[in-house]
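Novice: Quick one: the structure is below, and I'll ask about it shortly.
The values are calculated or read from the model by the stated rules, or taken from the named source; none is laboratory data. Computed from a prediction, not measured in an experiment: that's the story for all the values here. Neighbour counts are summed over all protein chains in view; Cβ atoms, including those assigned to glycine, are modelled from backbone coordinates with ideal geometry. Side chains are part of the model used for accessible areas, which takes the heavy atoms of the whole protein and leaves out ligands, DNA and RNA. Shrake-Rupley method; radii C 1.70, N 1.55, O 1.52, S 1.80 Å.
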Amino acid sequence: MKTRAAVLLATGKDFEVTELDLDPPKAGEVLIRYVAAGLCHSDEHLRHGDIVPRFPLVGGHEGAGIIEEVGPGVTRLKPGDHVVCSFLPVCGHCRWCSTGRSNLCDMGATILDGCLPDGTYRFHKDGEDYGGMCMLGTFAERSVISENSCVKVDDDLPLEKIVLIGCGVPTGFGSAVHAAATEPGDTIAIYGIGGIGINSVQGAALAGAVNVVAIDPLANKREMAERLGATHACETAEQAHELIYQLTRGVGADKAIVTVDVVTSEVVTSAFHAIRKGGTVVITGLADPSKNTIEIPGALLTLFEKRIQGSLFGSGDPFHDIPRMIELYRSGDLKLDELITQTYTLDQINEGYDRLGRGEVARSVIEFPVR
Ligand SMILES: NC(=O)c1ccc[n+]([C@@H]2O[C@H](COP(=O)([O-])OP(=O)(O)OC[C@H]3O[C@@H](n4cnc5c(N)ncnc54)[C@H](O)[C@@H]3O)[C@@H](O)[C@H]2O)c1
Ligand SMILES: [Zn+2]
Ligand SMILES: [Zn+2]
């Protein structure tokens, strides 16, 4: 079968929309027709070179679609099923899966190679194997993916909205609820209000934080944060620092969450100084893995028992969190429609990422025509 897809061929090069050959599903795999794909900053890291994957790679790791065919041995899914894709596969049996930490599943080891769990590829062109970002490649009309990446959802849900529950929502929401363990009455500082940070705002507010301080240099981001649960919004970390110490009578924020696009030592240091004794800085944003992006006075870490906590997929369990967040969307507690500021066709992918880079959108989504 053939499929159109947006591919990255080398660092620093834009996406190219091209036609690829797609193999049928093997054991434990499914053929999916994507209905929608979200534009997360993690793919932008690959386009810009902050993070270098194996090339060539079909981009996209936030996706939702409809199963068209299942491979041998797949019993949990059938053609016609609607699914949200988890950007991390969950095997269910490894040490991490079996101890309630399936976001760390060993099967995720090859998400930047983009091969399937058996180590081989389903996308090809001119004799070359193409990977799929996070083993999904959601910037394609169709893909063959592991059943371990698919969370079945009810047919009546709008896939072009709940697609955000494949990455942005659970990552941001979980950073506040699981990784930062926000408690009623907490003061939470969130640095960077993009597609991830805005969901940390929603998570912190729903978990009962009394002060949710959103920090972003862009006015449109601060306005959105205030609409979706932030009690305060600041343009700079310095302003936030002053405000947080006023709000907490000199104690400091209970937790700070770093969801900026490219994590720097400056923003981590600001977050570290904004939290109270025994407080936690959650680092969710990414950066070049070969760079040191944490430089803090270790003595203060020790004397004030502060914590620095990394967070992947919001430190949650995809097969538990995705259905739960869908219920929060159904109940109206979790806003998704309001987060989608722009929709595109696949051919507009580079324009979409240029606009994301300029901070013009919260989350934008590619919608695929039915064909
Ligand atoms: N850990 C995970 O599981 C996981 C999952 C998905 C994405 N991510 C990462 O999360 C980060 C955010 O992704 P996104 O899609 O929300 O990006 P985005 O581009 O939508 O938003 C980033 C925001 O950060 C703001 N910003 C930049 N520098 C800032 C600073 N110094 N202080 C305050 N705000 C600042 C920008 O103005 C922008 O609004 C990226 O690094 C992405 O790769 C991590
Ligand atoms: Zn993402
Ligand atoms: Zn596992």
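Novice: Residues CYS105, CYS97: which one is over 22 Å from LEU356 (Cβ atoms), within 16 Å of ligand 3 (Cβ to nearest atom), in contact (Cβ under 8 Å) with a residue 12 or more places away in the chain and touching a Cys at 6+ places or on another chain (Cβ under 6 Å)? Break it down into steps so the answer makes sense when it comes.
Specialist: Working: CYS97 fails: in contact (Cβ under 8 Å) with a residue 12 or more places away in the chain.
Of CYS105, CYS97, the one residue that is over 22 Å from LEU356 (Cβ atoms), within 16 Å of ligand 3 (Cβ to nearest atom), in contact (Cβ under 8 Å) with a residue 12 or more places away in the chain and touching a Cys at 6+ places or on another chain (Cβ under 6 Å) is CYS105.
Novice: While we're here: Looking only at the range 59-79, which residues are outside any strand (DSSP E or B), away from ligand 3 (no atom under 16 Å from the Cβ) and not hydrophobic (A, V, I, L, M, F, W, C)?
Specialist: Start the filter on the range 59-79 by keeping residues that are outside any strand (DSSP E or B), which leaves 59-62, 71-79.
Add one more test, that the residue is away from ligand 3 (no atom under 16 Å from the Cβ), and what stays is 59-62, 71-75, 77-79.
The answer is GLY59, GLY60, HIS61, GLU62, GLY71, PRO72, GLY73, THR75, LYS78, PRO79.
Novice: What number of residues within the range 128-155 are assigned to a strand (DSSP E or B) and open to solvent by 40 Å² or more (accessible area, probe 1.4 Å)? Step through it out loud before you land on a result.
Specialist: If we filter the range 128-155 for residues that are assigned to a strand (DSSP E or B), which is where we start, we get 128-132, 140, 142-146, 150-153.
Next, from what is left, pick out any that are open to solvent by 40 Å² or more (accessible area, probe 1.4 Å): 128-129, 152.
Adding up the residues that qualify gives 3.
Novice: Would you be able to say whether some residue in the range 113-127 is crowded, with 24+ Cβ neighbours inside 10 Å, modelled with pLDDT of 95 or more and assigned to a strand (DSSP E or B)?
Specialist: Within the range 113-127, one or more residues are crowded, with 24+ Cβ neighbours inside 10 Å, modelled with pLDDT of 95 or more and assigned to a strand (DSSP E or B).
Novice: Still on this structure, I have one more. Which residues, taken from the range 319-343, are more than 15 Å from ligand 1 (Cβ to nearest atom), touching a residue at least 40 places away in the same chain (Cβ under 8 Å), open to solvent by less than 60 Å² (accessible area, probe 1.4 Å) and not β-branched (Val, Ile, Thr)?
Specialist: Within the range 319-343, PRO323, LEU328, TYR329, LEU334 meet the criteria.
Novice: Listed residues VAL84, VAL58; which is more than 25 Å from HIS124 (Cβ to Cβ), open to solvent by less than 20 Å² (accessible area, probe 1.4 Å) and within 16 Å of ligand 2 (Cβ to nearest atom)? Spell out the reasoning first.
Specialist: Numbers: VAL58 fails: more than 25 Å from HIS124 (Cβ to Cβ).
It is VAL84.
Novice: Quick test of your reading of the structure: MET224 fulfils all but one of (1) touching a residue at least 60 places away in the same chain (Cβ under 8 Å); (2) surrounded by fewer than 19 Cβ atoms within 10 Å (Cβ to Cβ). Name the failing condition by number.
Specialist: (2)
Novice: Then there is this: Just need a number here: residues in the range 32-46 that are out of contact with any helix residue (DSSP H, G or I) (no Cβ under 6 Å at 6 or more places or on another chain) and open to solvent by 10 Å² or more (accessible area, probe 1.4 Å).
Specialist: Number of matching residues: 3.
Novice: Considering VAL177, VAL258, which residue is within 16 Å of ligand 1 (Cβ to nearest atom), open to solvent by 30 Å² or more (accessible area, probe 1.4 Å), modelled with pLDDT of 95 or more and within 23 Å of LEU104 (Cβ to Cβ)? Even if it seems obvious, please write down each step before you answer.
Specialist: Values: VAL258 fails: open to solvent by 30 Å² or more (accessible area, probe 1.4 Å).
Criteria check complete, one pass: VAL177.
Novice: For ALA205, only one of the following conditions fails: (1) aliphatic (A, V, I, L, M); (2) open to solvent by 10 Å² or more (accessible area, probe 1.4 Å); (3) within 16 Å of ligand 3 (Cβ to nearest atom). What is its number?
Specialist: (3)
Novice: Considering only helices (runs of 4 or more DSSP H) fully contained in the range 285-360, which possess at least 3 residues that are under 16 Å from VAL163 (Cα atoms)? Break it down stepwise before answering.
Specialist: Numbers: elements: 298-303, 318-330, 349-357.
By residue number, 318-330.
Novice: Among the candidates THR182, THR171, single out the residue that is polar (S, T, N, Q), touching a helix residue (DSSP H, G or I) at 6+ places or on another chain (Cβ under 9 Å) and within 19 Å of HIS41 (Cα to Cα). Lay out the reasoning, then the answer.
Specialist: Numbers: THR182 fails: within 19 Å of HIS41 (Cα to Cα).
On inspection, the qualifying residue turns out to be THR171.
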